[in-house]
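All remarks here apply to the structure that follows.
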Amino acid sequence: MRVKKFKGSLLLILALVLALGGCGNQAQGGADNGGSEAKSVKLKISTNVPPGHIWTQTVNKFKEDVEKQTDGRITVEVFPSSQLGGTNDVVQMLNSGSVDYAVIPTAFLTSSYPDLNAWFMPFLFEDMEDAMKMRGTDESKELLKVFAKDQNFKGVDWLFTGNHSILMKNGKMDSPEDFKGKKIRAPGTQAITDLYNALGASAVSMPLTEVYSALKTGVVDGINASVNSIASQKYHEIANDFTLLNQTAFNAVVLQSNSTNKKLSDSDLELINNAMKSAVDWGNDEAITELEENMKKVKKTDLNIHKVEDIKPFLSVKDEIYQKYSEQSDIIKAFIEKAQD
């Protein structure tokens, strides 16, 4: 009888230990993907722009919201100014999962993903706000899918900055004839290069760090520039004429590593997805305000600011480029048609 009682007591003790152990595991967040609310997570985000740029401010807004909503259980590290490397380096980190998010200028990715040239069709958007209207369309969502075909990351959303116009050391640029023979620094995006070549100019690609010196010394006659870049980089110190041609939009794509999903519970994933959308909404609204403020600053400089009243002389070049890219890509064709609507 005593042996049976002893065995019964031992089994009861073991059952209690296992039950308590299970509760401990749940308290530490060791449950499955749908129920580990207590799990601590660290996310990393890369941008190629300085801390003060609206795109870095946007991811800092995301960081603030996520950490606040989770009481610091999920932390976010922001690496601005290409601290983690150039575009190719960051793309590899997204693939490996060592970086969770990255904000990369769309222009930097067009060589690998030609469909992204859709954003740089000339004279497609009247201004930045006009370009922003495409953000939530099915056509722009289709562009976000181009990354999922062969990579371990996906496109999440679009961040904008001011449309690009023409800043020249000397001379306004309000007709195609003004471009002939000029050397203009531009992003290495094929659609923008095609535009300048069609106008008789030469598109020159160079790192952003070399642009100020190149314009000052005459290595280039002018540069693709937004109002924001003139204000932040002080290009007005070395140039005389700024023509508001608004020839192309300029934005960045927010990318997320697919590996990030694996280290988050379903509820956490929903939280950070909502926080990112909210941050991008905020960033794009702030970009409009920033553009208005920077325009006021630029107008106070010695720059001669020219507004192009009639772009009709540029339309033949525009139509030529639209036809070329529409024949190359059904995605770009649909994007152009939607934007024109």
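Of all the residues in segment 273-297, those that are touching a strand residue (DSSP E or B) at 6+ places or on another chain (Cβ under 7 Å), open to solvent by less than 40 Å² (accessible area, probe 1.4 Å) and not small (G, A, S) number 3. Of all the numbered requirements in (1) part of a helix (DSSP H, G or I); (2) more than 21 Å from N163 (Cβ to Cβ), K338 misses one, and that requirement is (2).
Considering segment 164-186 alone, what residues qualify as being open to solvent by 10 Å² or more (accessible area, probe 1.4 Å) and not in a helix (DSSP H, G or I)? Can you show your working first?
Filtering segment 164-186 for residues open to solvent by 10 Å² or more (accessible area, probe 1.4 Å) gives 164, 169-172, 174-178, 180-183, 185.
Those that are open to solvent by 10 Å² or more (accessible area, probe 1.4 Å) and not in a helix (DSSP H, G or I): H164, K169, N170, G171, K172, D174, S175, K180, G181, K182, K183, R185.
Of all residues in segment 236-263, those that are more than 16 Å from K172 (Cβ to Cβ), in contact with a Lys or Arg (Cβ under 9 Å, 6 or more places away or on another chain) and either of a type in the set (F, W, Y) or modelled with pLDDT of 95 or more (or both) total 7. The conditions of being part of a strand (DSSP E or B), open to solvent by 10 Å² or more (accessible area, probe 1.4 Å), touching a Phe, Trp or Tyr at 6+ places or on another chain (Cβ under 9 Å) and touching a residue at least 60 places away in the same chain (Cβ under 8 Å) are met by F250. Does S112 qualify as being of a type in the set (G, A, S), open to solvent by 50 Å² or more (accessible area, probe 1.4 Å) and within 16 Å of the chain's Cα centre (by Cα)? Yes, satisfied.
Do we have E142 as assigned to a helix (DSSP H, G or I), open to solvent by 30 Å² or more (accessible area, probe 1.4 Å) and closer than 27 Å to T301 by Cα here? Walk me through how you get there before you give the answer.
Details: assigned to a helix (DSSP H, G or I): yes; open to solvent by 30 Å² or more (accessible area, probe 1.4 Å): yes; closer than 27 Å to T301 by Cα: no.
The answer is no for E142.
Can we say K299 is out of contact with any Gly (no Cβ under 8 Å at 6 or more places or on another chain) and more than 24 Å from I223 (Cα to Cα)?
On the way: out of contact with any Gly (no Cβ under 8 Å at 6 or more places or on another chain): yes; more than 24 Å from I223 (Cα to Cα): no.
The answer is no for K299.
Tallying residues that are part of a strand (DSSP E or B) and of a type in the set (G, A, S) within segment 213-247 yields 2.
Scanning segment 41-84 for residues that are more than 12 Å from V103 (Cα to Cα), small (G, A, S) and at pLDDT 95 or above gives a single hit, G72. Scanning segment 119-145 for residues that are of a type in the set (A, V, I, L, M) and more than 15 Å from the chain's Cα centre (by Cα) turns up M121, L124. Taken over segment 253-272, the criterion of being surrounded by fewer than 18 Cβ atoms within 10 Å (Cβ to Cβ), in contact (Cβ under 8 Å) with a residue 24 or more places away in the chain and touching a helix residue (DSSP H, G or I) at 6+ places or on another chain (Cβ under 9 Å) is satisfied by N258, S259.
Among the residues of segment 115-139, the one identified as surrounded by fewer than 24 Cβ atoms within 10 Å (Cβ to Cβ), on the phi < 0 side of the Ramachandran plot and aromatic (F, W, Y) is F125. For segment 298-321, enumerate the residues that are surrounded by 14 or more Cβ atoms within 10 Å (Cβ to Cβ) and basic (K, R). Residue satisfying the conditions is K318 alone.
Applying the set (1) open to solvent by less than 30 Å² (accessible area, probe 1.4 Å); (2) at pLDDT 50 or above to G29 leaves exactly one unmet item: (2). Contact annotation: residue pairs with Cβ atoms under 9 Å, 6 or more positions apart or on different chains, pairing a residue in segment 329-341 that is more than 16 Å from V146 (Cβ to Cβ) with a partner that is open to solvent by 80 Å² or more (accessible area, probe 1.4 Å) and modelled with pLDDT of 95 or more, are K338/D138; A339/K133. Taken as a whole, the structure leaves T193 outside the set of residues that are assigned to a strand (DSSP E or B) and either open to solvent by less than 40 Å² (accessible area, probe 1.4 Å) or among the aromatic types (F, W, Y) (or both).
When K154 is tested against (1) without any contact (Cβ under 8 Å) to a residue 60 or more places away in the chain; (2) of a type outside the set (A, V, I, L, M, F, W, C); (3) not in a loop (DSSP other than H, G, I, E, B), exactly one condition is not met: (1).
The values are calculated or read from the model by the stated rules, or taken from the named source; none is laboratory data. Just so you know, these numbers come straight off a predicted model, no measurement behind them. Neighbour counts run over all protein chains shown; Cβ positions are idealised from the backbone, glycine included. In case anyone asks, the SASA skips ligands and DNA or RNA and just uses the protein heavy atoms, side chains included. Shrake-Rupley method; radii C 1.70, N 1.55, O 1.52, S 1.80 Å.
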